[in-house]
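Taking it in order: structure first as structure tokens, then the write-up.
Each value in this text was obtained by applying a stated rule to the coordinates, not by laboratory testing. Bear in mind the structure is a predicted one, so any value in this text is a computation, not a measurement. So basically every Cβ, Gly included, is an ideal-geometry build from the backbone, and we count neighbours across all protein chains shown.
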Amino acid sequence: MTDTSTRDLPDWAKWPEEPHPKGEFTIGVEEEVMLISAMSNALANRIDAVMPRLDPEVVDRVTPETHGSAVELRTGVHSSVADAMNEITFLRHSLSNTLKSLQLRAAASGTHPFAVWEEIVVSAGERYQFVHGSMRELARREPTFALHVHVGIGDPESAIKVHNQMRVHLPLLLAISANSPFWQGRDTGLASARTPLFQAFPRVGIPRPFRSYEQYAEEVDLMIRTNAIPESTFLWWDIRPQASLGTIEIRIMDSQTRTEDTAALVALTRCMVRAEIHESKLTIRNIDAQEIISENRFLAARDGIEAELIDAEAETRTPVREIVAGLFPALLPHAQDLGCVAELEHVSELAHQNGAVRQRQISREVPSLAQMVGILADELE
């Protein structure tokens, strides 16, 4: 434990004093999924009808989101990727069973392919009404659906180190996870339309590095003290420390249709975090090149697995598939130690056919985007 834990930090920023009983590099997974009509496959703003009907066994793991057509599935703390994915599978099945009685279904994708903002309803909860009051009509843009991965870190200075260094890898995670090519009924030409849509909100994107956890806590607390934001979870950055949980949270990825793809991304993220803690040699190092990192984020959202990302040190652009192949030798020992080699190996398949590629393929094989959404719901179930 570093000295940071003993400093006079605000309560929200204090890291857990005791190590988690399941050890370091524990994982928690949050995936946002969409509610759709079983008849039309259009978004269904029915979260208020869904919540009271949930099985008591999952009620604390299924939560509303800002939009009435979105729900978040949230696992507990796990020491293996397999255990986390077993819970995600269980939560998906439980939610699907609840939805049947309401003539609803669930599907997972970064965006709903043909929703339009006029149909969007903001959830009734106090937090979400605050978001609406703060964001005004920006809160009624089409909902987006993301995958968030928490990795347990033992102390705050290590967490801010990972925060700083993982920033260069976030565009790669976005490129591989891109799963939202359609928006408002048309192909956007982007692999992740979710990324620029969510960019309309403040406090989003890849944050700058911080010299220390103390600096991070002070600058965020200034926003809280001045009532600009009510608390730290209103930072919707692509990566952020989560002091209350003792984790680093990676938030840049699109929600995945298939659980095996989610498992691959969780394994990749967890291994990357562990590699950065252990100072393993990973590619694309220059962590201070904010403009380059931001440009890579755009290239990843636009081109997905076809993207060529800028390597600031080599002064060249490298294809995503080549970056993935280069990472494996450095990440494999970590995957072996963490027991997620099989899940990590699936990343190479995602790097050749991710969700965005599959959605476009399906859309060419069916007569409408509504039928494509039905196929996405089939895969979730």
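Apply the Karplus parameterisation 6.51 cos²θ - 1.76 cosθ + 1.60, with θ equal to phi minus 60°, to every residue of region 317-330 and state each ³J(HN,Hα) to the nearest whole Hz, in sequence, with x for glycine and proline.
10, 10, x, 4, 4, 5, 5, 4, 4, x, 6, 4, x, 6
Using the Karplus equation 6.51 cos²θ - 1.76 cosθ + 1.60 (θ = phi - 60°), what ³J(HN,Hα) coupling, rounded to whole Hz, does each residue of region 76-83 give in order, writing x for Gly and Pro?
x, 8, 10, 9, 9, 5, 4, 5
Give me a comma-separated list of calculated 3J(HN,Hα) values for region 18-27, in order, Karplus coefficients 6.51, -1.76, 1.60 applied at θ = phi - 60°, integers in Hz, x for any Gly or Pro.
9, x, 5, x, 8, x, 7, 6, 5, 10
Just to confirm my numbers, what's the Cα centroid distance between region 7-82 and region 182-245 in Å?
Result: 18 Å between the Cα centres.
Give the shape of region 178-283 as rounded, prolate or oblate, defined through the alpha-carbon gyration tensor: a ≥ b ≥ c are the square roots of its eigenvalues, a/c under 1.5 means rounded, and otherwise the shape is prolate if a/b is larger than b/c and oblate if not.
Because a/c hits 1.5 or more and a/b fails to exceed b/c, region 178-283 counts as oblate.
Do any trypsin sites (Lys or Arg not before Pro) in region 162-246 lie in a loop, going by DSSP, with at most 10 other beta-carbon atoms within 10 Å of their beta carbon, and if so which?
211
Identify which of 232, 109, 180 has the largest mean-square fluctuation in a Gaussian network model of the chain, with springs joining Cα atoms closer than 10 Å.
Per the Cα network of the chain with a 10 Å cutoff, 232 tops the list.
Which residues does the label zone of residue 55 cover in region 349-381, counting backbone N under 19 Å from a point 7 Å along Cα→Cβ?
Correct set: 378-381.
Distance in nm between label sites at residue 42 and residue 222, each 7 Å beyond Cα in the beta-carbon direction?
Inter-label distance under the simple model: 4.7 nm.
What are the residues whose amide H is under 5 Å from the amide H of residue 309, where those residues sit 5 or more places off or on another chain and H is modelled from the backbone?
318, 320
Give the label of the value calculated from the structure for Cα Rg over 2.2 N^0.38 Å, choosing from (1) 1.04; (2) 0.99; (3) 0.94.
Correct label is (3).
Restricting the count to DSSP beta bridges whose residues both fall in region 3-380, what percent are antiparallel, rounded to a multiple of 5?
Given both bridge residues lie in region 3-380, the antiparallel proportion sits at roughly 90 percent.
Would you mind telling me which residue in 14, 161, 22 has the biggest mean-square fluctuation in a Gaussian network model of the chain, where springs connect alpha carbons within a distance under 10 angstrom?
It is 22.
Calculate the spin-label point distance for residue 332 paired with residue 364, positioning each point 7 Å from the Cα along the beta-carbon direction, and give it in nanometres.
Here the modelled spin labels are 3.4 nm apart.
Using modelled backbone amide H atoms (1.01 Å from N, in-plane), which distant-in-sequence or interchain residues come within less than 5 Å of residue 68's amide H?
Correct list: 121, 122, 123.
State, to one decimal in nm, how far the label point of residue 215 lies from the label point of residue 306, with both points 7 Å from Cα in the Cβ direction.
In this crude spin-label approximation the distance works out to 4.0 nm.
Pick from 27, 252, 224 the residue whose mean-square fluctuation is largest in a GNM of the chain, springs joining Cα atoms under 10 Å.
224
Is the shape of region 218-275 rounded, prolate or oblate, going by the alpha carbon gyration tensor and its root eigenvalues a ≥ b ≥ c, with a/c under 1.5 for rounded and a/b larger than b/c for prolate?
Here region 218-275 falls in the prolate category.
Would you mind classifying region 261-381 by shape? Square roots of the alpha carbon gyration tensor eigenvalues, ordered a ≥ b ≥ c; an a/c under 1.5 is rounded, otherwise it is prolate if a/b is larger than b/c and oblate if not.
Oblate is the answer for region 261-381, as a/c is 1.5 or above yet b/c matches or exceeds a/b.
Name the long-range amide H neighbours of residue 104: under 5 Å, sequence gap of 5 or more, or other chain; modelled H, no Pro or chain starts.
38
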